[in-house]
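To keep things clear, I will list the structure first and then write my remarks on it.
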Amino acid sequence: MAIDPSFDESREVVDSHNGHDVWGPVDEPETLGIHGTHVAVDFDVCIEDGACVEDCPVDVFEWVDTPGHPESERKADPVNEIQCIDCMLCVDVCPVDAIDVDSSR
Ligand code: F3S
Ligand code: F3S
Ligand code: ZN
């Protein structure tokens, strides 16, 4: 299941992490929510593919450990979402459509 591109309407901010918002629901370790707002990664969809981490030209993403999550034990965290230049590579390369980037957000 891909990230919901309307998550900012259907979800609420429940936490902050590494300088960005976390959109719930969150029930660790199985349910982790969406990290980031301009560059949003659905941690419950991410399978640790890593293409986004490798390909982003401005290094928006860093790995964060998520032991016990059913999909993968690491997630790409958009720690530098403020640096994003909207190239959309991450959106294109993610095999499970875990990332949404929206310049209006
Ligand atoms: Fe990087 Fe994705 Fe933005 S690849 S520049 S975070 S659109
Ligand atoms: Fe995860 Fe997709 Fe990146 S699976 S590590 S968000 S390419
Ligand atoms: Zn985060």
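Return yes when ASP86 is touching a residue at least 40 places away in the same chain (Cβ under 8 Å), surrounded by fewer than 20 Cβ atoms within 10 Å (Cβ to Cβ) and more than 15 Å from ligand 2 (Cβ to nearest atom) and no when it is not. In short, no. Residues in the range 43-75 that are part of a loop (DSSP other than H, G, I, E, B), buried (at least 17 other Cβ atoms within 10 Å of the Cβ) and within 12 Å of ligand 1 (Cβ to nearest atom): CYS56, VAL60, PHE61. The lone criterion from (1) surrounded by 14 or more Cβ atoms within 10 Å (Cβ to Cβ); (2) of a type outside the set (D, E, K, R); (3) under 24 Å from ASP92 (Cβ atoms) left unmet by HIS17 is number (3).
On inspection, VAL96 fails the criterion of being touching a Gly at 6+ places or on another chain (Cβ under 7 Å), in contact (Cβ under 8 Å) with a residue 60 or more places away in the chain and assigned to a loop (DSSP other than H, G, I, E, B).
Looking only at residues in the range 23-38 that are in a strand (DSSP E or B) and under 16 Å from ARG74 (Cα atoms), the one that is most open to solvent (accessible area, probe 1.4 Å) is THR31. When ASP8 is tested against (1) part of a strand (DSSP E or B); (2) acidic (Asp, Glu); (3) touching a residue at least 24 places away in the same chain (Cβ under 8 Å), only condition (1) is not met.
The values are calculated or read from the model by the stated rules, or taken from the named source; none is laboratory data. No experiment lies behind these values; they were computed from the predicted model shown. For neighbour counting, all protein chains shown are included, and Cβ atoms are generated from backbone atoms with ideal geometry for every residue, glycine included. Each accessible area value is taken on the protein alone, full model and side chains, heavy atoms only, with ligands, DNA and RNA left out. Shrake-Rupley method; radii C 1.70, N 1.55, O 1.52, S 1.80 Å.
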